[in-house]
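The values are calculated or read from the model by the stated rules, or taken from the named source; none is laboratory data. Treat the numbers as computed from the prediction; the structure is a model and nothing was measured. Cβ coordinates were reconstructed from backbone atoms using ideal geometry, including for glycine residues, and neighbour counts include every protein chain displayed. Calculation scope for accessible area: heavy atoms of the full protein, side chains included, ligands and nucleic acids excluded. Shrake-Rupley method; radii C 1.70, N 1.55, O 1.52, S 1.80 Å.
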Amino acid sequence: MTYPVIEPRDEQSSESAGRVVGTFFAFVFLVGGFVLFALSFSGDETVSWTFLGAIASITLAFMIPTTILPAIEGD
């Protein structure tokens, strides 16, 4: 049987503890980004830094499961 360019994942690697930890930290960064967005719209003097921190946090939350973990695991 021939596979397309993207091969199916190994069942053991998808159940690894690293995936669970990566998913947890991605969720933490996503929620932290939403909190920073809420703080940036509150109107205090640190608006620009909290806004940039929110963008960076949400970007990192999406990078962990899609880019960083596959590169570490060698998928």
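The residue that is farthest from Ser16 (Cα to Cα), counting only those in region 54-75 that are open to solvent by 30 Å² or more (accessible area, probe 1.4 Å) and in contact (Cβ under 8 Å) with a residue 40 or more places away in the chain, is Ile68. Screening region 21-53 for residues that are farther than 18 Å from Pro65 by Cα and in contact with a helix residue (DSSP H, G or I) (Cβ under 6 Å, 6 or more places away or on another chain) and picking the one that is least open to solvent (accessible area, probe 1.4 Å) gives Ser40.
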